[in-house]
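Enquirer: Supplied in structure tokens, the structure appears directly below.
The values are calculated or read from the model by the stated rules, or taken from the named source; none is laboratory data. What you see is a predicted model; the values in this text were computed from it and never measured. Here the Cβ positions follow ideal geometry from the backbone for every residue, glycine too, while neighbour counts run over all protein chains shown. We work out accessible area using only protein heavy atoms, side chains counted, and drop any ligands, DNA or RNA first. Shrake-Rupley method; radii C 1.70, N 1.55, O 1.52, S 1.80 Å.
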Amino acid sequence: MRNPRNFAKPLAIGAPEPWNDIPVRPGRMIHFFDPSNERMAVKVPDIAKKVDILLGNLEDAIEVKNKQAAREGFCRIASENDFGQTQLWTRVNSLDSPWFLDDVTTILGAAGDKLDVIMVPKVEGPWDIHFVDQLLAQLEAKHQLKKPILIHAILETALGVANVEEIASASPRMQGLSLGPADLAASRRMKTTRVGGGHPGYLVREDPNPSDENAPRAKAQQDLWHYTLARMVDACVSAGILPFYGPFGDIGDSIACEDQFRNAFLLGCVGAWSLHPKQIDIARNVFSPPVDEVKWAMRVIEEMGDGSGTVMIDGKMQDDATVKQCRVMVGLAGLIAERDPEMKDAYGL
Ligand code: GLV
Ligand code: MG
């Protein structure tokens with residue numbers, strides 16, 4: 001356990017001071033692209049304008065023969081473009097892979113001043129974060145970077161879930177966590193081959209009809225990810241970092257994607273991954289709080305005055321706790337309004 005007085009001090013001489021509070025900007029979608037793919041690379045400047053976070057993926061989904069091209073492509077794209085308010089992230093290969101070390105050393109050297117966050121896959125415990133933390137500090141010092149690079153970990157192993165609280169609070173660099181349902185399913189030996197979403201076999205069924213045992217019985221699919229997501233949200237919020245849902249692999253099924261994203265939004269997540277341009281608008285729509293709810297929340301805040309006592313609004317009791325719920329909604333709307341003029345108008349902010 002590190003001395004709490006040293007927790008927010010740089011881990012290498014010459015590295016920048018870590019953030020005390022992580023910078024909070026809208027992160028409704030983390031849009032993945034393959035930097036080794038030239039056709040995708042030319043679209044990056046346009047896509048960057050439509051997303052909150054743009055992520056160059058070096059890990060899974062990049063063929064072994066393209067790993068180096070992806071790393072180099074990312075460095076080139078980072079240095080050739082100005083991303084404005086859009087955050088630039090990369091997902092590096094896992095810590096035990098033959099690529100991780102070169103991913104981090106090359107990218108920090110060539111594009112460290114452009115990079116906001118490194119996404120680290122398959123994190124199993126705080127020891128993984130401590131290793132990356134120290135390495136980043138060394139590289140920041142070497143390349144004289146002014147702004148500390150943050151770490152986003154993917155929760156995608158059973159051991160990672162067992163250690164999620166310690167991972168979330170392992171370093172002041174921790175920016176957030178994403179759920180990785182595909183690797184997590186494999187690690188846990190879950191019997192689903194889908195990337196996120198429900199499964200028709202995971203359900204609850206209505207009791208039999210006592211007077212007709214052959215009568216059809218209603219059934220409903222349950223959310224396979226509820227427990228992990230809820231646990232991840234608590235771990236993140238208690239450590240002052242941000243929870244994200246991860247990927248939804250059935251690109252053709254926009255409805256189920258929207259449902260999965262909305263479940264995550266309602267449980268407290270701030271965003272999700274978009275693996276295809278189609279999913280950008282789904283995430284934008286879901287992770288921007290609904291206009292009618294924001295307007296309602298503004299009304300509650302207004303009528304509650306200093307926030308104490310109770311008032312009845314349209315038959316609904318309001319008190320200290322509900323006004324806090326409403327401030328969450330209005331606070332998020334305000335953050336999004338700064339980035340998204342269309343939403344700003346819709347909220348009337
Ligand atoms: C994402 O990386 C996943 O494994 O779902
Ligand atoms: Mg994965």
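Enquirer: Using a Gaussian network model of the chain whose springs link C-alpha atoms within less than 10 Å, name the residue from 13, 282, 53 with the highest mean-square fluctuation.
Expert: Result: 13 has the largest fluctuation of those listed.
Enquirer: Oh, and also: Ignoring ligands, DNA and RNA, what accessible area per residue does the chain give at 1.4 Å, in Å²? Before the final figure, lay out the partial values.
Expert: Working: 17360 Å² over 349 residues.
Value for the chain: 50 Å² per residue.
Enquirer: Still on this structure, I have one more. For region 1-104, run through the trypsin sites (Lys or Arg not before Pro) and keep only the ones in DSSP coil with at most 14 other Cβ atoms within 10 Å of their Cβ. Provide the component values of the computation, followed by the final result.
Expert: Values: sites: 2, 5, 28, 39, 43, 49, 50, 65, 67, 71, 76, 91; in loops: 2, 28.
Filter output for region 1-104: 2.
Enquirer: Given region 293-347, what whole percent of its Cα pairs are spread farther than 18 Å? Mind dumping the intermediate values first?
Expert: Numbers: 493 of 1485 pairs.
Taking all Cα-Cα pairs of region 293-347, the fraction more than 18 Å apart is 33 percent.
Enquirer: Can I ask one more? For the chain, what does -39500 (n - 2.57) per DSSP helix run (n ≥ 4), summed and divided by total residues, give at 222 nm, in deg cm²/dmol to the nearest 500?
Expert: Numbers: 13 runs with 152 residues, N = 349.
Calculated from helices alone, the mean residue ellipticity at 222 nm is -13500 deg cm²/dmol.
Enquirer: Still on this model: Could you tell me the relative contact order of the chain? Use alpha-carbon pairs under 8 Å, at least six residues apart, and round to a whole percent.
Expert: Details: 625 pairs, mean separation 51.6, N = 349.
Reported relative contact order: 15 percent.
Enquirer: Something else now. Which ³J(HN,Hα) values in Hz, rounded to whole numbers, follow from the phi angles of region 251-258 under the Karplus curve 6.51 cos²θ - 1.76 cosθ + 1.60, where θ = phi - 60° and Gly and Pro get x?
Expert: Karplus values, whole Hz, x for Gly and Pro: 4, x, 9, 5, 5, 5, 4, 4.
Enquirer: If you don't mind, there's one more thing I want to ask. Could you sort out which of 67/147; 122/278; 114/146; 114/147 sit more than 19 Å apart by Cα distance in this structure?
Expert: Details: 67/147 27 Å; 122/278 27 Å; 114/146 11 Å; 114/147 10 Å.
The pairs that break the limit, which is 19 Å between Cα atoms, are 67/147; 122/278.
Enquirer: With a 1.4 Å probe and all protein chains left in place, how much of the accessible area of region 203-293 comes from carbon and sulfur atoms, in whole percent?
Expert: That fraction is 50 percent.
Enquirer: Using a 1.4 angstrom probe with every protein chain in place, what is the largest-first accessible-area order of 270, 104?
Expert: Working: 270 45, 104 0 Å².
Highest to lowest solvent-accessible surface, that is 270, 104.
Enquirer: Which aspartates and glutamates have a Cα less than 15 Å from the Cα of residue 324, not counting those fewer than 8 places away in the same chain?
Expert: By straight Cα distance, residue 324 reaches 293, 302, 303, 306.
Enquirer: Suppose a student asked you for the relative contact order of region 293-347, using Cα pairs under 8 Å spaced at least 6 residues apart; what percent would you report?
Expert: Details: 53 pairs, mean separation 18.0, N = 55.
In percent, rounded to a whole number, it is 33.
Enquirer: Follow-up question, since we're still on this one. When only Cα pairs under 8 Å and 6 or more residues apart are kept, what is the percent relative contact order across region 201-349? Could you put the intermediate results ahead of the total?
Expert: Working: 161 pairs, mean separation 20.8, N = 149.
About 14 percent, as a whole number.
Enquirer: On to the next question. Report the label-to-label distance for residue 42 and residue 105 in nanometres (one decimal), using points 7 Å from each Cα along the Cα→Cβ vector.
Expert: 3.5 nm
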